[in-house]
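Asks: Have a look at this one before I ask anything.
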Amino acid sequence: MSALRVGLLGYGRIAEAVHLPILTGLPGVEIVGIAEADPARRAEALRRAPRAVASASFEHILCRPDVDAVVICLPPALHADAAVAALEAGKHVYLEKPIATTLGDARRVLEASRHSPAVAMIGFNFRFSPLYRAARREIQAGALGELVGVRSVFAASSRRLPPWKQTREGGGGALLDLASHHVDLVRFLTGREVREVFAAVRSQRSEADTATLHLRLADGLLVQSFVSLSAVDEDRLDIYGQAGGLAVDRYRSLGVETTRAGRPVRRTDWLLAPLRPLARGASLLGRLRAPSYEPSYRAALAHFVAAARAHRPTSPSFLDGSISLAVVEAAEESARTGRAVLCPSILVDDAADRPPQATRPELSEATPQEA
Ligand SMILES: NC(=O)c1ccc[n+]([C@@H]2O[C@H](COP(=O)([O-])OP(=O)(O)OC[C@H]3O[C@@H](n4cnc5c(N)ncnc54)[C@H](O)[C@@H]3O)[C@@H](O)[C@H]2O)c1
């Protein structure tokens, strides 16, 4: 099978730390084009991928017939235009989250994707995290019994933010930047859609840099989330069921921590706790080798590359990206009005005319190993 010839659109913080190093190391991938507006960054990208053609404009890369696929790492306000143009040019698209900054733009992207045979995948890479996959297996196996509730925190330490991240219009704010991931993970882990949202936001260092969300899922399951761009680095989900609970701390744990309901805490629980990492040596090695110590980025990109080379539909899909954005917009409306808001009908309408092979893409059984 011939190599997938990839154009990287945007060479900022995440593309430098994650996408370019991963793509240059993936078998069956050739980086043939780089679009980056900033000349110094463009020169740096070319140093790392010397055989690529570089341009200040992504449109220029999309015109090239030798580009089969693009990986879009531009600021979010450019995502919709770049993805639509790429699909219209017949390129496979890996689009970083969020799919767009407005649901109207997300619908344009969905529409372009429906009319294109190209493979399209949204960058909800955490679905490929071994931790979340293990948690999902536990839930699906019934280890927690009937689910009761979910609590989640996704926060980052106060850092200098790029201009786009400081305003909602540019694609920033904790809801779009962070909650979009956790909304998707809640859907991925529980297999349920979000029906209703109640949210509050606060602006301290930048616009809407902190938010709380209360979600009610389709069967009544309750979710409470805290997201902030101005706190400490934390990414944690606790899922409670009638038979037990599980916790995933993405930055600090090497495995899913489980608790059985009704089991008393024993002395050995905390005496043995420091030894647990030794029993998880394989996970430890995987983490140490991964860019940003996060193996899901490589697994997600490898999955996209395999799907694009085989012309096979894949997930997470642009519909998953749109559903997450719909929940974010409902949260913003709730914060503005002070009322709980029902999630818009994109969840129903678009699910109804989904092609059969993509049925429930959010619950795809594809594993990173298949990539
Ligand atoms: N999946 C994840 O976990 C994850 C993590 C971080 C960032 N992201 C997403 O990746 C995207 C990029 O984030 P970032 O932190 O790297 O931002 P960034 O601001 O560091 O990088 C964006 C780059 O795009 C360039 N650019 C802007 N306009 C351009 C244009 N018209 N043509 C070509 N280049 C242009 C900028 O010069 C900059 O280098 C965002 O959408 C963000 O949400 C996803």
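The values are calculated or read from the model by the stated rules, or taken from the named source; none is laboratory data. No experiment lies behind these values; they were computed from the predicted model shown. Note: ideal-geometry Cβ built from the backbone for every residue, glycine included; neighbour counts use all protein chains shown. All accessible areas refer to the heavy atoms of the entire protein, side chains included, with ligands and DNA or RNA removed. Shrake-Rupley method; radii C 1.70, N 1.55, O 1.52, S 1.80 Å.
Asks: Quick test of your reading of the structure: ILE61 fulfils all but one of (1) surrounded by fewer than 24 Cβ atoms within 10 Å (Cβ to Cβ); (2) within 15 Å of the ligand (Cβ to nearest atom). Name the failing condition by number.
Replies: Of the numbered conditions (1) surrounded by fewer than 24 Cβ atoms within 10 Å (Cβ to Cβ); (2) within 15 Å of the ligand (Cβ to nearest atom), the odd one out for ILE61 is (1).
Asks: Something else: How many of the residues in region 85-102 are over 17 Å from the mean Cα position of the chain (by Cα) and open to solvent by less than 20 Å² (accessible area, probe 1.4 Å)?
Replies: Result for region 85-102: 4.
Asks: Here's a check for you: in region 103-124, which residue that is in a helix (DSSP H, G or I) and open to solvent by 30 Å² or more (accessible area, probe 1.4 Å) is farthest from the ligand (Cβ to nearest atom)?
Replies: Step one: filter region 103-124 for residues in a helix (DSSP H, G or I), giving 103-114.
Filter again for open to solvent by 30 Å² or more (accessible area, probe 1.4 Å), leaving 104-105, 107-108, 111, 114.
Numbers: GLY104: 18, ASP105: 13, ARG107: 18, ARG108: 17, GLU111: 21, ARG114: 22 Å.
Ranking the candidates gives ARG114 first.
Asks: Quickly run through region 88-100 and pick out the residues that are in a loop (DSSP other than H, G, I, E, B) and within 14 Å of the ligand (Cβ to nearest atom). Before you say what the answer is, go through the steps one by one.
Replies: Initially, region 88-100 is screened for residues in a loop (DSSP other than H, G, I, E, B), giving 89-91, 96-100.
Across region 88-100, the qualifying residues are GLU96, LYS97, PRO98, ILE99, ALA100.
Asks: In addition: Which one of these is in contact with a Leu (Cβ under 8 Å, 6 or more places away or on another chain), free of Cβ contacts under 8 Å to residues at least 60 places away in the same chain and open to solvent by less than 30 Å² (accessible area, probe 1.4 Å): ARG127, ARG136? Let's see the steps before the verdict.
Replies: Values: ARG127 fails: free of Cβ contacts under 8 Å to residues at least 60 places away in the same chain.
Result of the check over ARG127, ARG136: ARG136.
Asks: Can we say ARG195 is touching a strand residue (DSSP E or B) at 6+ places or on another chain (Cβ under 6 Å), among the basic types (Lys, Arg) and at pLDDT 90 or above? Reasoning before the result, please.
Replies: Numbers: touching a strand residue (DSSP E or B) at 6+ places or on another chain (Cβ under 6 Å): yes; among the basic types (Lys, Arg): yes; at pLDDT 90 or above: yes.
Taking the combined requirement at face value, the residue satisfies it.
Asks: Just to be sure before I move on: is PRO163 within 16 Å of the ligand (Cβ to nearest atom), modelled with pLDDT of 95 or more, in contact with a Gly (Cβ under 8 Å, 6 or more places away or on another chain) and open to solvent by 30 Å² or more (accessible area, probe 1.4 Å) in the structure I sent?
Replies: Numbers: within 16 Å of the ligand (Cβ to nearest atom): yes; modelled with pLDDT of 95 or more: yes; in contact with a Gly (Cβ under 8 Å, 6 or more places away or on another chain): yes; open to solvent by 30 Å² or more (accessible area, probe 1.4 Å): yes.
So PRO163 fits the description; yes.
Asks: Now for a separate question. With respect to ALA179, is the statement that it is assigned to a strand (DSSP E or B), small (Gly, Ala, Ser) and either away from the ligand (no atom under 12 Å from the Cβ) or in contact (Cβ under 8 Å) with a residue 60 or more places away in the chain (or both) true? Before the answer, list the steps.
Replies: Details: assigned to a strand (DSSP E or B): no; small (Gly, Ala, Ser): yes; either away from the ligand (no atom under 12 Å from the Cβ) or in contact (Cβ under 8 Å) with a residue 60 or more places away in the chain (or both): yes.
Spelling it out, it is not the case that ALA179 is assigned to a strand (DSSP E or B), small (Gly, Ala, Ser) and either away from the ligand (no atom under 12 Å from the Cβ) or in contact (Cβ under 8 Å) with a residue 60 or more places away in the chain (or both).
Asks: Looking at the structure I just gave you, is ALA56 open to solvent by 10 Å² or more (accessible area, probe 1.4 Å), without any contact (Cβ under 8 Å) to a residue 24 or more places away in the chain, within 11 Å of the ligand (Cβ to nearest atom) and farther than 25 Å from VAL109 by Cβ? Even if it seems obvious, please write down each step before you answer.
Replies: Values: open to solvent by 10 Å² or more (accessible area, probe 1.4 Å): yes; without any contact (Cβ under 8 Å) to a residue 24 or more places away in the chain: yes; within 11 Å of the ligand (Cβ to nearest atom): yes; farther than 25 Å from VAL109 by Cβ: no.
The answer is no for ALA56.
Asks: For region 22-43, which residues satisfy the criterion of being within 14 Å of the ligand (Cβ to nearest atom), crowded, with 16+ Cβ neighbours inside 10 Å and not aliphatic (A, V, I, L, M)?
Replies: GLY33, GLU36, ARG41, ARG42
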